[in-house]
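Encoded as structure tokens, the structure appears first; notes follow it.
Please treat every number below as a calculation from the coordinates, not as lab data. Just so it is clear, the model here is predicted, and its values are computed rather than measured. Neighbour counts run over all protein chains shown; Cβ positions are idealised from the backbone, glycine included.
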Amino acid sequence: MTSNNLDILKALEAKNFQIQIGKLGTAAIQAPVDKHRDALKILLDLDEKTAVTAITGIDLGASVGVYYHVRTSNSFVTIQCEVPKDKPTLATITDLVPGAAFHELEVADLLGVVFEGHPSPGRLVLPDTWPEGVYPLRKDVKINEVKLNAPSSEDVKLSDESGLVKIVIGPHHPALLEPEKFAVLVDGETVKKVEPRIGYVHRGVEKASESKTYLQDVYLVERICGICNSCHATAFVEAVEKILKTDVPPRAKYIRTIILELNRLHSHLLTLGHAGLEIGYETLFQYFWRDREPVMDLTEMITGNRVISSSLTVGGVRRDIKETDIPKIKATLTELRKKIPFYKQMYENEPSIKMRMQKVGVLAREDALKLCVVGPVARGSGVDIDVRKDEPYEAYGEIPFKEVVYTAGDTWARMNVRMDEVEESINIIEYALDHLPSGAYRVKVPRVVPPGEAVNRVEAPRGELFYYVKSNGTAFPERVKVRTPTFANIPAFLKTAIGESIADVPPNFVSLDPCFSCTDR
Amino acid sequence: MIDYLWLIFRVLVFPGFTFILFLTMFCDWIERKIEARMQNRMGPSFTGPSGILQPLADFIKLLTKEEITPNESRKTIFRFAPFFAFSVLIFALCFLPIDGASVIPNVSFGGDLIFVMALISVANFLLFLSGWSSSNPYSSIGAARVLTQFLGYDIPLLMLALAPAFLAGSLTIATIVARQWIPFMVLAPWAFVLFIITMQAELEKDPFDIPHAESEVVAGHETEYSGGKLAFLKFARDVQIVFGASLVTVLFLGGANGPTFFGLPELWGTLWFVLKVVAVIVISEYMTVLFARLRIDQIVRANWKFMLPLSVLSLLLTIGLAVWVYPMV
Amino acid sequence: MVNITTWARVKSPWVLHFNSGACNGCDIEVVALLTPKYDVERFGIKLEPSPRHADVLLTTGCVTEQCAERLKRIYEQMPQPKFVVAIGACACSGGIFSGNYSVVGGVDKVIPVDAYIPGCPPRPEAIIDGVVKLLNSIQQPKTKEKVKSDDEQ
């Protein structure tokens, strides 16, 4: 059941909602405090692929703004609410959209909004030693004067009241590259429940971005995640360019596309190798990472650094691609393309891979839609969302490529999605190199960003990456809100792990490709 | 007097304790090199020529580290389990005829094959105890998996080991070796292949190495160990692998049999024994590198559904053949 | 005897990798060390899963408030002699995140550090260089042999 923009807007206007077209996406809907659920219900009824992308909290002085960013099959709308600071309560939407649970918890943590009816309130990203009642993202908080509580020294209890054994995975665990704590409650070898505690990598990026200039913020947001760094940079500079109403030259768009696809290539090869490590297949891990090294060399050739490239800026890119480099890039990509059939054949025929990956961590399509998952996790369960196709940015509108969708919904399907996307990325880069327009790769932009706000979405390797930037005319942004794909995908893991053996938890976990530095920011 | 000195030399130096130590280190190096080369890497290269002293460096380094005993652990078992596991395995190796005669002279008795197999189980049980006494959730799960796996696979292992016993007409290891004019691998190839696979499960190597699955149980039953105890625990595992390979050699490949030339026949016997053990370890390491790890329920199911019926069939087949083939051998 | 001990320690440094709040850039360069192109197993370096088995702690990332206790605990669980290598600008000093409300700072605010490897992220060659320099410093007579174990503190 699909709908187009007009249907949504007509239905909303019929219920007397005020709509501003073209603001904050396709449209911005002003909703009074008790009517936001109704607006959301209209959107959910009209389109089955409606999902909540993010919930932004913003300090507006005397009130706190709560913006619900909702995506449908072919539009992106924002429902804007405001709650007064002395009584910041709002009704929860988790009964309509279970995937919004984490988003609401974060706004509660960082801005102090109370969502009535939330199923599991509690701390999400702030550290345990953070005092209650202090909300970092409020403008009147003096960070230097916050006194942290003393750390508690209680030991982890090894068994639950219900008699289940609690196995704590993390914060330090060989399966995880990053610290997070997942308490897995098991009965024998079967998992009954997973209790997450994220926030170990919370570095307060959103607050820090408010005290750095826009150009400094490009470097800051890049370091939210080293793996998908170019995507963060792209999303941020595109949002700023939307506020500035600048158009980047076509050559810059193509170069940005090439850098983004190289990012995707190295990230997918990394995950495919990491999955091999989790199922005990070290040889596969070594082979994938061996084939990933040429991609890092290409990134270094084009941008100057292997991992965090800092090659994007407001108005274009900072370095051009030399004509003499193009044959070298193509030669490397041809070599990489030759290796893909070997890996595909491994996934099709190797019995130990199939035994460990098929029918493990199955996510049904309805659950995928309700939990608002994004990226290969969604595409592995039959939900065909991809920002490069739904709302093309940079040069993706002009480059033909295939959107990869598998329907099985298990770990094997998700890994296959990534494998096929590797091939598609190689196609995209080659097409972009062949059709690279000439001209400038950068334009001058005004020093001062005028007041305004913009939303922007980018397809990172792990899924839809969302940015909201608000500027108030000064040198520093008013608010930068980041919603990363793993933040949206963790609830899917909490659901798919239940009922499976504990030995299946690592492969299941890696198949959703978690990046916790993205999640916690 | 000379006899006693000779006994001490045989037990402690060659082909006894010291020789077994160096053989174990050599096999550990071979395993690491094969794993590295299969993964397109170099493996240890700079510790001694081509990295051959790497296991020795690892062992010495571990011996010189601080030993930490957790407060919550059962201290006596925690302290002694690794050393006992190591000793039991070396003791079991002394029953095998490494150079034509068993290491401790005249120690073989009728039925010592069963005794040696029982010693494997004792050693595995001591490894389980090492994990159980650590009082660490990861160690407990790793130890439980060790127990599940070796108890399950002991049965087919024993049945498959009886195949050469039937072919040789005796349960004494020395007799089995002596009667192998034609190696039993040729006479009962089905038993050989199944025995190697079951030994892979018994030794907890890929695809059966779930007790050592890093990504789930950190380091399994070894998690809380450090220093000298860890050195002996890791060494016990390496000796276990050499023991498994030696058992395969003795039962199916003819032990130390082989052509002898000039000089002492014992040295040639040892050389053939070592070559055969290395060959088995190479085959086993190839299997390790080429497969992913199976889950514990898949391993247990594989045991009861495939290994056990197949080993019964192999036994029956071998008995049948022994009746006709025995006059030849 | 001392020479053999030092030789063994230098030739077989077992490594534990802990991320205490990093962006993953340094971590993937550390994991890349084990892959065929760089292959540090040639030097005897093995990645160990448990702190009790490791000699060298490779930390990446600035230390967040939530992770500070864990980092200390892991450091205390390692047996002597042990060494800490701080990889990346964030581990050395907090990097671009120093001063943020949930960040303690560099690793040396929590545990003593023996080697600093700057970079954002440092190349794998730079990390190998740093680890080799640390191993060379162990070989000098004036090594930091801590005699008192942490249990007594």
Original post:
When A:Asp434, C:Asp129 are ordered from fewest to most other Cβ atoms inside 10 Å of their Cβ, what list results?
Top reply: A:Asp434, C:Asp129
Subject >> Simple spin-label estimate for A:Arg123 and A:Lys338 in nanometres, 7 Å along Cα-Cβ >> reply: 5.5 nm
Subject >> Sequence-distant residues sharing a close amide H with A:Glu464 (under 5 Å, placed H) >> reply: A:Gly375
Subject >> Beta bridges by DSSP in the protein assembly as shown, antiparallel share as percent, to the nearest 5 >> reply: 70 percent
**OP:** Working from the alpha-carbon coordinates of segment A:230-478, get Rg over Rh, Rh being the Kirkwood radius.
**Re:** 1.00
Subject >> Dmax and Rg, reported as Rg then Dmax, of the protein assembly as shown (C-alpha, Å) >> reply: 31.1, 111
Subject >> Cα-based equivalent ellipsoid of segment A:356-426: semi-axis lengths in Å, sorted from largest, via gyration tensor >> reply: 23, 15, 7
**OP:** Determine the alpha carbon to alpha carbon distance for each of A:Lys444/A:Lys481; A:Lys142/A:Lys207; A:Lys181/C:Lys37 and list only those over 21 Å.
**Re:** A:Lys444/A:Lys481; A:Lys181/C:Lys37
Subject >> Amide proton proximity set for A:Val64, modelled H, under 5 Å, gap of 5+ >> reply: A:Val83, A:Lys85
Original post:
With +1 on each Lys and Arg Cβ and -1 on each Asp and Glu Cβ, how big is the dipole of the protein assembly as shown about its Cα centre, in debye rounded to the nearest 20?
Top reply: 1180 debye
Subject >> Estimated FRET transfer efficiency (A:Leu60, A:Asp384; beta-carbon r; R0 30 Å; 0.05) >> reply: 0.25
Original post:
Got a sec? Charge dipole of segment C:7-139, +1 on Cβ for Lys and Arg, -1 for Asp and Glu; which of C:Val31, C:Gly88, C:Val132 is way out at the positive end?
Top reply: C:Val132
Subject >> Cα point-scatterer Debye curve for chain A, base-10 log of I(q)/I(0) at q = 0.07, 0.10, 0.11, 0.12 Å⁻¹ >> reply: -0.38, -0.80, -0.98, -1.18
Original post:
What value does segment A:1-130 have for Rg/Rh, both radii from Cα atoms and Rh as Kirkwood defines it?
Top reply: 0.97
**OP:** Sort A:Lys35, A:Lys245, B:Lys75, B:Lys65 so the one with the fewest other Cβ atoms within 10 Å of its own Cβ comes first.
**Re:** A:Lys245, B:Lys75, A:Lys35, B:Lys65
**OP:** Pick out, from A:Cys81, A:Ala11, A:Leu43, the residue whose Cα sits farthest towards the positive end of the charge dipole of segment A:5-140, with +1 on the Cβ of Lys and Arg and -1 on the Cβ of Asp and Glu.
**Re:** A:Ala11
Original post:
If you rank B:Phe306, B:Phe150, B:Phe208 by fewest surrounding Cβ atoms within 10 Å, what's the result?
Top reply: B:Phe306, B:Phe150, B:Phe208
Subject >> J(HN,Hα) series, segment C:97-107, from Karplus relation 6.51 cos²θ - 1.76 cosθ + 1.60, nearest Hz, glycine and proline x >> reply: 9, 5, x, 6, 6, 10, 10, 6, x, x, 5
**OP:** List, in order, the whole-Hz ³J(HN,Hα) value for each residue of segment A:405-412 obtained from phi through the Karplus relation with A = 6.51, B = -1.76, C = 1.60 and θ = phi - 60°; use x for Gly and Pro.
**Re:** 10, 10, 10, 5, x, 9, 4, 4
Original post:
So if we plug the beta-carbon distance of B:Lys75 and A:Lys444 into 1/(1 + (r/R0)^6) with R0 = 60 Å, what FRET efficiency do we get, rounded to 0.05?
Top reply: 0.25
**OP:** Please work out the ratio of the alpha-carbon Rg of segment B:1-50 to 2.2 N^0.38 Å and round it to two decimals.
**Re:** 1.69
Subject >> Under the span-like rule (Cα at least 15 Å along the axis, Kyte-Doolittle mean at least 0.0), DSSP H helices of chain C >> reply: C:124-139
**OP:** Wrap a convex hull around the Cα atoms of segment C:7-139, take a quarter of its surface area, and give that in square nanometres.
**Re:** 7.1 nm²
Subject >> Separation in nanometres of the label points that stand 7 Å from Cα toward Cβ, at C:Lys37 and A:Tyr219 >> reply: 2.5 nm
Original post:
With each pseudo-label sitting 7 Å past Cα toward Cβ, what's the C:Glu125-B:Val11 distance in nm, one decimal?
Top reply: 5.8 nm
Original post:
Mind checking Rg over Rh on segment B:115-163, alpha carbons, Kirkwood formula for Rh?
Top reply: 1.08
**OP:** Using +1 at the Cβ of each Lys and Arg and -1 at the Cβ of each Asp and Glu in segment B:7-147, identify which of B:Ile34, B:Ala92, B:Ala118 lies farthest towards the dipole's positive end.
**Re:** B:Ile34
Subject >> Coil-residue GluC sites (Glu not before Pro) of segment B:1-100, DSSP, other Cβ within 10 Å capped at 13 >> reply: B:Glu72
Original post:
At a Förster radius of 45 Å, what calculated FRET efficiency corresponds to the Cβ-Cβ distance of A:Asp95 and B:Trp304, to the nearest 0.05?
Top reply: 0.45
**OP:** With just the Cα atoms of segment B:2-325, tell me how far they stretch along each of the three principal axes, in Å, largest first.
**Re:** 59, 52, 42
Original post:
Treating the beta-carbon of each Lys and Arg as +1 and of each Asp and Glu as -1, no other charges, what is the dipole magnitude of segment B:2-325 about its Cα centre, to the nearest 20 debye?
Top reply: 180 debye
